[in-house]
Amino acid sequence: NCSYFKHFTPGQSSEIFEVTTQKEYSISAAAIAIFSVGFAIIGTICVLLSFRKKKDYLLKPASMFYTFAG
């Protein structure tokens, strides 16, 4: 038994602290990561279309999508 993870109170039994991952944080982090990947993909599509068809006005939305992905 490791004494670093026990909390001793005088005259009472020791309590062991449990470190658990909160499910709500992991779900929200996954959702943010999925949105970030989506914005990066849309930005890449805008950049490829602007270089392919010589449409420079698509570079501004691409930069905004890359910013949102970050």
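The values are calculated or read from the model by the stated rules, or taken from the named source; none is laboratory data. What you see is a predicted model, and the numbers here were worked out from it, not measured in a lab. Here the Cβ is made from the backbone with ideal geometry for all residues, glycine too, and neighbour counts use every protein chain on show. To get the accessible areas, we keep the full protein, side chains included, count just its heavy atoms, and leave off ligands, DNA and RNA. Shrake-Rupley method; radii C 1.70, N 1.55, O 1.52, S 1.80 Å.
Return the residues of the range 27-54 that are among the polar types (S, T, N, Q) and under 13 Å from the mean Cα position of the chain (by Cα); say none if nothing qualifies.
Just the residues of the range 27-54 that are among the polar types (S, T, N, Q), to begin with: 28, 36, 44, 50.
Selection gives SER28, SER36.
Only residues that are in contact with a helix residue (DSSP H, G or I) (Cβ under 9 Å, 6 or more places away or on another chain) and either of a type outside the set (Phe, Trp, Tyr) or open to solvent by less than 100 Å² (accessible area, probe 1.4 Å) (or both) were counted across the range 49-59, and they come to 6.
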